[in-house]
Amino acid sequence: MTKLRNSLLLAASAALLCLPMSASADTTVKAKLVEQNDSGVSGTVNLTALNNGGLKVVIHSQGLVPDQPHAQHIHGSAHGGHFGCPTLKKNDSDGDGVLTNEEATGEYGTVFFALTTKGGATAKDGLDVARMPVADAKGRLTYERTFSADEVPEGLIEHLASVHIVQHGIDVNDNGKYDMDALGESTFAKNQGKPGVPEEATDPASCGVVMGAGAGKPARNGVETGGEPVSDIKTPLAVAGGAFLLLSAAVGVSAVAGRRGQRAAR
Ligand SMILES: [Cu+2]
């Protein structure tokens, strides 16, 4: 009798204990993608740290250059760091009205994780233009991928609240593709030993910081502007640069032009 009651009590306590443990496993943080370079791009990002150590990434964005690949990365640092999304006002060092990747990198940090469509996701994997997500004919991009624990770099889950999501690839002359006529050659790619890549392919199109990031320092309109610009970082430039080396392969893919009113940058 007492034995039975004890075991019933034990079973009941076990059931109560198990419930909250399994239900609190996955944690999702969100970011709002805000345009860079007047791209008109907007979107949302959900990053879910899974119970098994994996990471699920869901991105919905629009306003991208139609039918073109868009390099997409989680930028930030395993050491925390103080990086946010750049702004033209603050980071356009040469004042030409276009934010290049070089100008932006000090603000948004190095490529932490390349959001490829399949295979590996290191900065080096970001080289493969064939594994970059491609916007549809209307400039919309839907990305959903679950990475296993071994694919997630050390420090990413721990610093999930202080990373930034960046999409690259703009079309300043509004001709539906990345071309040299718009902004010339990407000095960024060239410095990585890859000449012939249009600047348009490497310039940032959108950026989003994880909302509520940095312990009670919520992002303002999705754009973190609190960090000091870091001007003397050289290693991150090299790392981020790798992601664009194969973008030249994508150039020449024709696309539907005229998606929005555009300014001529030069
Ligand atoms: Cu990037």
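The values are calculated or read from the model by the stated rules, or taken from the named source; none is laboratory data. No experiment lies behind these values; they were computed from the predicted model shown. Positions of Cβ are backbone-derived with ideal geometry, glycine not excepted, and every protein chain shown enters the neighbour counts. Areas reflect the complete protein model, heavy atoms only, side chains present, ligands, DNA and RNA absent. Shrake-Rupley method; radii C 1.70, N 1.55, O 1.52, S 1.80 Å.
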Checklist entry - In the set A130, A137, which member is in a loop (DSSP other than H, G, I, E, B) and among the hydrophobic types (A, V, I, L, M, F, W, C)? => result A137
Next on the checklist: Give me the residue from the range 142-178 that is open to solvent by 60 Å² or more (accessible area, probe 1.4 Å) and not in a loop (DSSP other than H, G, I, E, B) and, out of that set, farthest from the ligand (Cβ to nearest atom).
Outcome noted: D150
Item to check | Hits in the range 66-118 - residues which are assigned to a helix (DSSP H, G or I), away from the ligand (no atom under 16 Å from the Cβ) and free of Cβ contacts under 8 Å to residues at least 24 places away in the same chain | outcome: K89
Checklist outcome for this item: Given (1) on the phi < 0 side of the Ramachandran plot; (2) within 16 Å of the ligand (Cβ to nearest atom), N52 misses just (2)
Item to check | Per-region count, the range 179-190, residues surrounded by fewer than 24 Cβ atoms within 10 Å (Cβ to Cβ) and farther than 20 Å from G97 by Cβ | outcome: 1
Checklist entry - Counting only residues that are more than 19 Å from P69 (Cα to Cα), open to solvent by 10 Å² or more (accessible area, probe 1.4 Å) and not polar (S, T, N, Q), how many does the range 191-214 have? => result 5
Next on the checklist: I'd like the full set of residues that are in contact with a Pro (Cβ under 7 Å, 6 or more places away or on another chain) and either under 12 Å from I74 (Cβ atoms) or free of Cβ contacts under 8 Å to residues at least 12 places away in the same chain (or both), limited to the range 144-176.
Outcome noted: V166
Item to check | Options V134, V111, V98: the member that is open to solvent by less than 60 Å² (accessible area, probe 1.4 Å), more than 13 Å from the chain's Cα centre (by Cα), closer than 17 Å to H168 by Cβ and not acidic (D, E) | outcome: V98
Checklist entry - Does the range 52-59 contain at least one residue that is surrounded by 24 or more Cβ atoms within 10 Å (Cβ to Cβ), in contact (Cβ under 8 Å) with a residue 40 or more places away in the chain and not in a strand (DSSP E or B)? => result no
Checklist entry - Conditions: (1) open to solvent by 10 Å² or more (accessible area, probe 1.4 Å); (2) away from the ligand (no atom under 16 Å from the Cβ). G139 meets all but one. Number of the miss? => result (1)
Checklist entry - Is at least one residue of the range 127-134 away from the ligand (no atom under 12 Å from the Cβ), touching a Pro at 6+ places or on another chain (Cβ under 8 Å) and modelled with pLDDT of 95 or more? => result yes
